[in-house]
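The structure appears below as structure tokens.
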Amino acid sequence: MTAPFQSSGLCSQLHGLWLPLVTPFCDGIVDETSLRRETLAETRRYLPICLGLAGSYTRKLCHTLDETAGWPIDGYLISSPYYSRPSQRGLLQHFNMLADHASWPLVLYNIPYRASVALETETLLELASHPNIVGMKDCGANRAQSIELLRRRPAGFRILTGEDALYFEALADGADGAILLSAHVETPTFAAIWKLFKEGHTDDARERWDSVSPLPRLLFAEPSPAPAKYWLARTGLIDSAEVRLPMVEVSRELAARLDAEIARRQVPVSRLEPSA
């Protein structure tokens, strides 16, 4: 049965800079104290939240949508099913069933190098016509496809890049914004790049981008989000760089490179010792 979609206003908010919030841990448990340091309640601005979900069993995901329907969120960010590698027809049925069932809007997450299957252009365009699918996080690493989607998408369907290293290119191509792990670092600069683009100041945006473009390479030099967590722990935003297996903390070599970049940017360093 089709759910009575709740109006969260997500579509109108789905632009600009978003953060894929890291989850700080302490002894394997979510560190709520550190997590609160990443909130911006003191700004008295409303910040929309999308809950990230993934899974290979559609009906089980529908149950998860039921369980989270009352949560204080604005929508869901849902990636393609991992491991099972469904056909495009299967992907259409999967996302349409979820969109029909969900009480909040869906943002598609196309990330084939993690999910093992890509949402093809025609599939994405068909899903974009669903009234409860309002946008996508584009990690397809296929600029030609991204440009075609931007050209052919229906009115009101938002496209945000999730490729940190391609942030400037994506905005130049017409993306509505970005969801960037790297923007945990130098957040005002990453935000300013989008604002300058929106105002037509492309040269100024490029200058700002040049100042932060090395960060994605550094923060993805080892499996993410371990490098970002190391940076945030060293600069005192979270209390620990802990990750959970099979993820491991950064190597000594990368820790030294991160420390050097922190020092170069003159970021105050926490009293915490770097990881071994």
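The values are calculated or read from the model by the stated rules, or taken from the named source; none is laboratory data. For clarity, every value in this text was computed on a predicted model and none was experimentally measured. With ideal geometry, Cβ positions are generated from the backbone for all residues, glycine too; neighbour counts draw on all protein chains shown. These area figures cover heavy atoms from the full protein model, side chains too; ligands, DNA and RNA do not enter into them. Shrake-Rupley method; radii C 1.70, N 1.55, O 1.52, S 1.80 Å.
Below, the figures for the structure above:
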item	result
Residue within segment 184-198 that is polar (S, T, N, Q) and either open to solvent by less than 20 Å² (accessible area, probe 1.4 Å) or in contact with a His (Cβ under 7 Å, 6 or more places away or on another chain) (or both) present	no
First in segment 84-99 and without any contact (Cβ under 8 Å) to a residue 40 or more places away in the chain, second anywhere and among the hydroxyl-bearing types (Ser, Thr, Tyr) and loosely packed, with under 15 Cβ neighbours inside 10 Å, Cβ under 7 Å, 6 or more apart	Arg85/Ser116
Criterion: surrounded by 15 or more Cβ atoms within 10 Å (Cβ to Cβ) and under 15 Å from the mean Cα position of the chain (by Cα) - qualifying residue of Leu171, Leu181	Leu181
Residue match in segment 189-209 (condition: over 30 Å from Ile262 (Cβ atoms), at pLDDT 95 or above and not in a helix (DSSP H, G or I))	yes
Selection count where residues are out of contact with any helix residue (DSSP H, G or I) (no Cβ under 9 Å at 6 or more places or on another chain) and not in a loop (DSSP other than H, G, I, E, B), scope segment 12-22	2
Pairs with Cβ under 6 Å, 6+ apart, first in segment 148-168 and farther than 18 Å from Asn132 by Cα, second among the hydroxyl-bearing types (Ser, Thr, Tyr)	Glu148/Thr121; Asp164/Ser182
Flag if Gly140 is open to solvent by less than 70 Å² (accessible area, probe 1.4 Å), at pLDDT below 95 and under 14 Å from the mean Cα position of the chain (by Cα)	yes
Count - residues of segment 206-231 that are within 17 Å of the chain's Cα centre (by Cα) and open to solvent by less than 20 Å² (accessible area, probe 1.4 Å)	7
Wholly within segment 23-132, strands (runs of 3 or more DSSP E) carrying at least 1 residues that are among the small types (Gly, Ala, Ser), modelled with pLDDT under 95 and farther than 27 Å from Glu148 by Cβ	none
Any hit, segment 74-87, residues being more than 30 Å from Ala233 (Cβ to Cβ) and of a type in the set (A, V, I, L, M, F, W, C)	no
Residue selected from segment 118-133 under the condition open to solvent by less than 20 Å² (accessible area, probe 1.4 Å) and of a type in the set (A, V, I, L, M, F, W, C), by the criterion nearest to Leu10 (Cα to Cα)	Ile133
